[in-house]
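Every read-out reported here was derived from the displayed coordinates using simple, explicitly stated rules and does not represent laboratory data. Bear in mind the structure is a predicted one, so any value in this text is a computation, not a measurement. Note that each Cβ is placed from the backbone with ideal geometry, even for glycine, and that neighbours are counted across all protein chains shown.
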Amino acid sequence: MDEKKMIELLNGDIQHEIGAALTYLYQHATAPGLKGQVLRDILAPEIPGELQHAIMLADKVVSLGGKPDLKVPAVKTQETVEDMITYDIELEIEAVKNYTARADQAEELGDLGLKVQLENLAAEESEHRDMLQRLARNIEAL
Ligand SMILES: [Fe+2]
Ligand SMILES: [Fe+2]
């Protein structure tokens, strides 16, 4: 693991964060019905939340000597609230997996500060995953 490789990996993470923020923005605007209202309430703080993650990662890319990759990824859309939640859970599970791996890689790089930041991201994304999984279990009751 060297700095160049870490820049590349963090740029992938930035893309994932921008994708999540835009997905949640789209779902927040379009989620239908009463179930949709519950999802909207959960997603509202996550739109700026995921962008905040991208801000942190972009700063780190620059401090490692790279350029942040801020192109806009294609956003997948869903029609039903159930499909939206299923997709969001996948996004969060992938984020947890990526940040867990990235924290180990930061340790390999000898960057303890980055390791801790990435562990915090992994913890935040696991909270998102848990929140959405709980909603998925309870949504039928609505
Ligand atoms: Fe995030
Ligand atoms: Fe998240």
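Where does each of 51, 39 land when they are ranked from fewest to most other beta-carbon atoms within 10 angstrom? Walk me through the intermediate numbers first.
Details: 51 17, 39 23.
Listed from fewest to most nearby Cβ atoms, that is 51, 39.
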Residues in segment 47-75 that a label on residue 29 would reach, taking backbone N under 19 Å of a point 7 Å out along Cα→Cβ: 47-52, 71-75
Over the Cα atoms of segment 3-141 the radius of gyration and the largest Cα-Cα distance (Dmax), both in Å, equal 15.6, 51
Cα shape, segment 63-142, gyration tensor, a/c 1.5 rule: oblate
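To the nearest 0.05, how large is the calculated FRET efficiency for residue 142 and residue 5 if R₀ is 41 Å and r is the Cβ-Cβ distance?
Numbers: r = 46 Å, r/R0 = 1.11.
The value I calculate is 0.35.
Per 0.36 nm of contour for each residue apart, how much would the distance between residue 133 and residue 74 grow if the chain were fully extended, relative to their Cα-Cα spacing? Let's see the in-between values first.
Working: separation 59, 0.36 × 59 = 21.24 nm, distance 2.43 nm.
My answer for the length gained is 18.8 nm.
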In segment 36-98, how does Rg compare with the Kirkwood Rh, expressed as the Rg/Rh ratio over alpha carbon atoms? 1.04
Quote the relative contact order of the chain in percent (integer), defining contacts as alpha-carbon pairs under 8 Å separated by 6+ residues. 28 percent
Among the complete DSSP H segments of the chain, which ones combine at least 30 Å of alpha-carbon extent along their axis with a mean Kyte-Doolittle hydropathy of -1.0 or more? 3-30, 81-109, 112-138
Of 5/97; 67/97; 35/71, which sit over 29 Å apart, Cα to Cα? 35/71
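Roughly how big is the chain's charge dipole about its Cα centre, with Cβ charges of +1 (Lys, Arg) and -1 (Asp, Glu), in debye to the nearest 20?
The dipole of the chain has a size of about 280 debye.
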Most exposed first, judged by fewest Cβ atoms within 10 angstrom, 63, 126 run 63, 126
